[in-house]
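Q: I am attaching a structure below and will ask some questions about it afterwards.
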Amino acid sequence: MELIKKYSHTHPENEALSFNIKRMEDVYEITQGRPDEAHRHDYYIILLVKQASGKHIIDFNEFELSKNQMYFLSPGQVHQIIENEKSYGHILTFSSQFLIENGIEKCFIDDLYIFNDYGMNPSLQLTDIEFEKFSLIAQEVYEFEATNRKFKYQAIGALLKLLLIQSNNVCSLSEDSNTQNTQASVSLLRNFKELLETNFESWHMVSQYAEELHITPDYLNASLKSLTGTGAKEHIQNRILIAAKRLLKFSDLNTKEISYQLGFSEPANFSIFFKKHTGISPSKFEI
């Protein structure tokens, strides 16, 4: 049984579109500045931070909140915001269904560098000029969402896609995304991530993914490293580690059960793996 809170979009009648936008300052007023609990969502989140002081914890990695930031979270990620004072900005949430309804294929999201669901989500730091450009788009979305105009969600979908494309263009990883070689690597990364998400509990070796992708382990490793800065082995280990941390903190499974669920032949092997990458034992992390 999962002990962590999970937030879902409600789907009233013909609004399976599932989109919402809020101002951070309004959320702060409603909660009276109380820190939220660690929780996860079944939808995408874009956090556009104009001004803030505090912490944003994403899958147990801590980032400092400050001005001119953007955060991108995928469904299933655990996060928590702790504010030292009132924050200003926008929070956009949208489901996969909203993307589909507005002609945005999931592969479009997968091809972006900005969404990373392995807990490595440093903020996208923007210049004043860049932030102003994104803030204007978010404000237009906010105003559209508050109306009942015809084609309201189609307009929001178009603005959202523009926001995602321009965010991706700012990301330093996308500098060479127009080259044929990088496009091939992006496609490989998408396919690898799909395989990893499906098989990380049972496939722990780079060779298993390479074989399924009909390439050599060396080629897979080099392609991922050139695109993301992280090799295939590290991607696999990070995914297993994030799953382990979530289960240890937010489920009632014991260490032995978790080790077998994550594909380790013996609980001792899981403990060695976990301590090697975190510096502490699973039992100490669980406390």
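Values quoted throughout were computed directly from the atomic coordinates according to the rules given, and no laboratory measurement underlies them. Worth saying up front: this structure is predicted, and the values here are computed from it rather than measured. All Cβ positions, glycine included, derive from the backbone under ideal geometry; neighbour counts span all protein chains shown.
Q: Would you please give the FRET efficiency between GLU64 and THR230, computed as 1/(1 + (r/R0)^6) with r the Cβ-Cβ distance and R0 = 30 Å, to the nearest 0.05? Walk me through the intermediate numbers first.
A: Working: r = 22 Å, r/R0 = 0.74.
My answer for the efficiency is 0.85.
Q: Quick one: which residues, 5+ away or cross-chain, put their amide H under 5 Å from the amide H of SER53? H built at 1.01 Å from N.
A: Amide H neighbours of SER53: ASN84, GLU85.
Q: While we're on this one: May I ask for the angle, rounded to the nearest 10°, between helix 267-278 and the longest principal axis of the chain, with both axes built from Cα atoms and the value confined to 0 to 90°?
A: That works out to roughly 50 degrees.
Q: Along Cα→Cβ, 7 Å out, is where each label goes; now give me the distance between the ones at MET205 and ALA222 in nm to one decimal.
A: A separation of 2.2 nm, rounded to one decimal place.
Q: Count the net charge of all other residues whose Cβ sits under 12 Å from the Cβ of LEU189, scoring Lys and Arg as +1 and Asp and Glu as -1.
A: For residues surrounding LEU189, the net value is 0.
Q: Counting only other residues whose beta carbon sits under 14 Å from that of TYR260, what net charge do I get with K and R as +1, D and E as -1?
A: Cβ neighbours under 14 Å give a net charge of -2.
Q: For the pairs LYS86/LYS193; LYS22/LYS133; LYS133/LYS245; LYS22/LYS67; LYS50/LYS245, note any where the Cα-Cα span goes beyond 28 Å.
A: Details: LYS86/LYS193 37 Å; LYS22/LYS133 18 Å; LYS133/LYS245 37 Å; LYS22/LYS67 18 Å; LYS50/LYS245 31 Å.
Violating the 28 Å limit, Cα to Cα: LYS86/LYS193; LYS133/LYS245; LYS50/LYS245.
Q: A further question follows. Evaluate the chain: find the radius of gyration of its Cα atoms, find its Kirkwood radius, and give the ratio Rg to Rh.
A: Values: Rg = 19.8 Å, Rh = 20.4 Å.
Taking Rh as the inverse mean 1/r over Cα pairs, Rg/Rh reads 0.97.
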